[in-house]
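*Asks:* Before I ask anything, here is the structure I am working with.
Just so it is clear, none of the values below were taken in a lab; they were calculated from the coordinates. Please read these numbers as outputs of a predicted model, since none were measured by experiment. In this analysis, Cβ positions are derived from the backbone assuming ideal geometry, glycine residues included, and neighbour counts consider all displayed protein chains.
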């Protein structure tokens, strides 16, 4: 039987593992839900209805000529029609932010990659480095064994080249049984960015089955 993975976002303020009592882990519908990265506003805030394009534009992160870390991270919960803030995501010292819950063993170590298309064969968009993975705005770090640390750096995420994806089992190889892996994400806009735009990269969790 194939091993399946469910992905959850910690939409609470407690940095506690998936399944902890009182925690607010929300399962991500991989077909309909999506992530929103924003400066935040009255309309783009925890518990508000899913914002329009105009709302998102008004809540965009301002470019000020220096490196900027995106401050707000949300899950668009389409079934509920609202957005939920992922309070611990970003440039924060936290461990339990995104959970990858596997119902069985894997043949390879699961990894998290970013691409700009569903075919998983292009990283041409500016936010993924325009073909240069090291220039990707998206940063990630495995937190399966420990928290991210303050002002963490992580890996620039773009494609599948070495050091530009997250090994979700902390480099320990395939999962020998069911279990949970964790990761932290943030977006860092470089000082050289000069134009605004809409980007919708594809996040993919890849692994081989037994």
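*Asks:* Above 24 angstrom, tally the Cα pairs of the chain and express them as a % of all pairs, no decimals.
*Replies:* So the portion of pairs separated by more than 24 Å is 40 percent.
*Asks:* Sorted by mean Cβ packing within 10 Å, highest first, what order do the peptides 88-101, 130-143, 41-54 take?
*Replies:* Details: 88-101: 21.5, 130-143: 19.5, 41-54: 13.9.
My ranking of the peptides, most packed first, is 88-101, 130-143, 41-54.
*Asks:* Just to verify a number: FRET efficiency for residue 20 and residue 146, C-beta to C-beta distance, R0 = 22 Å, to 0.05?
*Replies:* My answer for the efficiency is 0.80.
*Asks:* So what is the diffusion coefficient of segment 1-89 in µm² per second by Stokes-Einstein at 10 °C and 1.306 mPa s, using a Kirkwood Rh over Cα pairs?
*Replies:* Details: Rh = 14.2 Å.
This corresponds to a translational diffusion coefficient of 112 µm²/s.
*Asks:* Given the DSSP H assignment, sum -39500 (n - 2.57) over each helix run of at least 4 residues in the chain and divide by its residue total; what's the result at 222 nm in deg cm²/dmol, nearest 500?
*Replies:* On the way: 1 runs with 6 residues, N = 210.
Calculated at 222 nm, the ellipticity per residue is -500 deg cm²/dmol.
*Asks:* Next question. Considering only C-alpha atoms, what is the centroid distance from segment 34-91 to segment 141-210, in Å?
*Replies:* Centre-to-centre (Cα) distance: 20 Å.
*Asks:* Under the definition of Cα pairs under 8 Å and six or more residues apart, what whole-number percent is the relative contact order of segment 5-206?
*Replies:* Values: 494 pairs, mean separation 48.5, N = 202.
Once divided by the residue count of segment 5-206, the mean separation gives 24 percent.
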